[in-house]
Amino acid sequence: MKFAFLTLIAAFSVNAQASNCETSGVLDRITCPSQTLEISGPHLTREVRYALPKGKTPRGGWPTVVLYQGSFFDVEFSRQKLMPFGGYNEIRLIQSLLDSGFAVVAPRAIAGVAWMTNLIGVDYETSEDFYFITEMLSEMKKGSFGKLNMKRLYATGISSGGYHSSRMAVSFPGVFKALAVESASFADCKGPVCFVPTAIPENHPPTLFLHGELDTVVPVGTMYPYFETLKAHGIDTEFFVDPTARHQWLEQAPELITQWFLDHP
């Protein structure tokens, strides 16, 4: 069994402000107030949900995390403990990011199904997703989501959203400061079928990988070649593997992802 290179951090630094998230009910439902903006693509109009931290906006705008959904599970800003695939840890991640001074922007995949980054026969640069994300970034820059710091953008996601987070390094070079890939691998890998190219973008962002050792949907063995390739190119990279977890958001994800982004300002 392979163990993590990354030490779990019990406590991590946060900014003084806190989110407006609240916990309620016997299942500890966490709810973080959010807003919705619609963005039109060449054929479809999709929703983008977003939330801003509580407190005074920094002079340069809020550092911002783009959170990509996994297949069939939209990002929700209210979840309770019994969600499948570790879904409760996703809302814990959102709360952690907001508490640490990051805005969270969560675009919706087509029909809430999956991202087009690794679909057979699809050229991503001509896809609906590419146009949609390009338009979303433009709206972010214009201030449609509030004052965001476009020099401090980050991306993370699980499964299909993890592959799409990797896609940011390939199709949007130089835009994102750091990535966190959960239960996924390189941009065009497909579950157990995964070939990581030896040539990667020179400015590939620092990347954290999180994975369950028992994941049968996206085997952990598909992540290691990506990690090793980044390491060989001198890209800052770490991984954390939970030996008991399957295909899911890890319990450690909120702390580890938040700290990774704080460490790459």
## Note on the structure
Note on segment 82-132: residues of a type in the set (A, V, I, L, M, F, W, C), touching a strand residue (DSSP E or B) at 6+ places or on another chain (Cβ under 6 Å) and part of a loop (DSSP other than H, G, I, E, B) are F102
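Which of the residues that make up segment 182-205 are in a loop (DSSP other than H, G, I, E, B) and crowded, with 20+ Cβ neighbours inside 10 Å? Let's see the steps before the verdict.
First, pick out the residues of segment 182-205 that are in a loop (DSSP other than H, G, I, E, B): 183-189, 191-192, 194-205.
Passing the criteria: S183, A184, S185, F186, A187, D188, C189, C194, V196, H204, P205.
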### Task
Give the residues of segment 150-176 that are of a type outside the set (G, A, S), farther than 16 Å from P206 by Cβ and surrounded by fewer than 24 Cβ atoms within 10 Å (Cβ to Cβ), sorted by residue number.
M150
### Task
Go over the candidates P63, P58 one by one and state the one that is in a loop (DSSP other than H, G, I, E, B), in contact (Cβ under 8 Å) with a residue 60 or more places away in the chain and farther than 20 Å from R29 by Cα.
P58
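Which residues, counting only those in segment 139-148, are crowded, with 20+ Cβ neighbours inside 10 Å and not in a loop (DSSP other than H, G, I, E, B)?
Filtering segment 139-148 for residues crowded, with 20+ Cβ neighbours inside 10 Å gives 140, 145, 148.
M140, L148 - these are the residues of segment 139-148 that are crowded, with 20+ Cβ neighbours inside 10 Å and not in a loop (DSSP other than H, G, I, E, B).
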### Task
For segment 220-263, name all the residues that are crowded, with 18+ Cβ neighbours inside 10 Å, in a loop (DSSP other than H, G, I, E, B) and of a type outside the set (A, V, I, L, M, F, W, C).
H247, Q248
### Query
Has segment 28-46 got any residue that is buried (at least 19 other Cβ atoms within 10 Å of the Cβ), on the phi < 0 side of the Ramachandran plot, modelled with pLDDT under 95 and touching a Gly at 6+ places or on another chain (Cβ under 6 Å)?
no
### Summary
Restricting segment 37-55 to residues that are in contact with a strand residue (DSSP E or B) (Cβ under 8 Å, 6 or more places away or on another chain) and not in a strand (DSSP E or B), the one nearest to K190 (Cα to Cα) turns out to be L44
### Task
Would you tally the residues in segment 165-206 being over 16 Å from T64 (Cβ atoms) and either under 17 Å from the mean Cα position of the chain (by Cα) or not charged (D, E, K, R) (or both)?
29
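The values are calculated or read from the model by the stated rules, or taken from the named source; none is laboratory data. On a predicted model such as this, the values are computed, not experimentally measured, just so you know. Neighbour counts run over all protein chains shown; Cβ positions are idealised from the backbone, glycine included.
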